[in-house]
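Bear in mind these aren't lab numbers, they're just calculated from the coordinates by the rules spelled out. All values reported here derive from a predicted model rather than from experimental measurement. Cβ placement follows ideal geometry from the backbone for every residue including glycine, while neighbour counts extend to all protein chains displayed.
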Amino acid sequence: MNRTPLVAGNWKMNGRKDLLAEMADALAGYAGAAEVVICPPFPYLAAARSAMPETIGVGGQNVSEREDGAFTGEVSAPMLAEMGCGYVIIGHSERRALYGETDAAIAGKFARAQAAGLTPILCVGETLQEREADSTVEVVCGQLQAVIDGVGIAAFARAVVAYEPVWAIGTGKTASPEQAQVVHACLRQSLAENDPDIAQSLQLLYGGSVKADNAALLFAQSDIDGGLIGGASLTADSFIAICQAAE
Ligand code: PGA
């Protein structure tokens, strides 16, 4: 099955108006085959939507698992949708580790995102300790299954999953293409046990120190359909080079 490659830039708490302008200019000239999404911080989402070409998706980096209401500091899924987002990152390891997001909360966010018409980009990944204890597959498939159990497999017909080993995020230590492929194949197998068609069509991204010079080999793996890019999404040149590597 031919899956369209997808490259998403996760700016985290980085990037200001000047980066938005630089990226919009660079992406205006991008006519490659990959789907491209940028996820700047909340205050820049509306500006990103108006600055970016229509073909470029815009996504949030987090969303509330609750409906609108008295939840100071939270942002709801319908708000993201109304501001022109098509995607939202859910369950990034920084949210799990620093903000205590549980599998249950992540499943709740996933459900809210979908109900508002957003495509969730669900992140899963193991820590270095878990890898060294040989529990990588158990951990990442467990994180995935927890959401499948919470929202139902049918919801994954419109979703993206990103495998992001925690030890590779922002560290410069990328998983080798072979290491990443092994985990991607297990994730796809887990999905297939729930629904073979969804497993075949779902875009599975790799994230963790993807750079312009290692992207092509990672993306060449049969179960890797693109990337979730942190640091290298903060300059237009490297981000565009990664998009090109995904084509
Ligand atoms: P990195 O981050 O590319 O800077 O390692 C990836 C991510 O956390 O999504």
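Here region 37-98 is treated as a sphere whose radius is the Kirkwood value from Cα pairs; by Stokes-Einstein at 37 °C and 0.692 mPa s it diffuses with a coefficient of 270 µm²/s. According to the calculation over all Cα-Cα pairs in region 118-192, the P(r) per 10 Å bin from zero is 18, 54, 25, 3 %.
Summarising the overall dimensions of region 6-235 from its C-alpha atoms, the Rg and Dmax are 16.5, 47 angstrom. Here's the picture: a label point sits 7 Å out from the Cα of Ala26 along the beta-carbon direction, and within region 59-81 the residues with their amide nitrogen under 18 Å of it are 59.
Where nothing but the Cβ of Lys and Arg (+1) and of Asp and Glu (-1) is charged, how large is the charge dipole of the chain around its Cα centre, in debye to the nearest 20?
Numbers: 15 positive and 29 negative charges, 92 e Å.
Result for the chain is approximately 440 debye, rounded to the nearest 20.
Which one, Leu228, Gly59, Ser201, projects farthest toward the positive side of the charge dipole computed for the chain from Cβ point charges (K/R +1, D/E -1)? Looking along the dipole axis, the top candidate is Gly59.
Placing +1 on the Cβ of every Lys and Arg and -1 on the Cβ of every Asp and Glu, with nothing else charged, gives region 115-182 a dipole about its Cα centre of roughly 320 debye. In this Cβ point-charge picture (+1 for Lys and Arg, -1 for Asp and Glu), region 131-233 has a dipole of about 320 debye about its Cα centre. Span-like helix criteria (full DSSP H runs; alpha carbon extent of at least 20 Å along the helix axis; mean Kyte-Doolittle hydropathy of at least 1.0) are satisfied in the chain by 136-151. Computed over the chain, the per-residue total of -39500 (n - 2.57) for DSSP H runs of n ≥ 4 gives a 222 nm mean residue ellipticity of -12000 deg cm²/dmol, rounded to 500. Projected label points at Ala241 and Ala115, each 7 Å from Cα along the beta carbon direction, are separated by 4.4 nanometres.
The relative contact order of region 6-235, computed from alpha carbon pairs under 8 Å that lie at least 6 residues apart in sequence, is 19 percent.
Once the chain from Ala97 to Glu193 is taken as fully extended at 0.36 nm per residue, the excess over their C-alpha distance is 31.7 nm.
For region 42-146, the Cα-based Rg and Dmax, in that order, read 15.1, 47 Å. For Leu191, neighbours were defined as the other residues whose beta-carbon sits under 11 Å from its Cβ, and their charges (Lys and Arg +1, Asp and Glu -1) total -3.
Considering every pair of different Cα atoms, what Kirkwood radius, in Å, is found for region 65-108? Display every interim value, and only then the final one.
Details: mean 1/r = 0.0863 Å⁻¹.
Hydrodynamic radius (Kirkwood, Cα only) of region 65-108 equals 11.6 Å.
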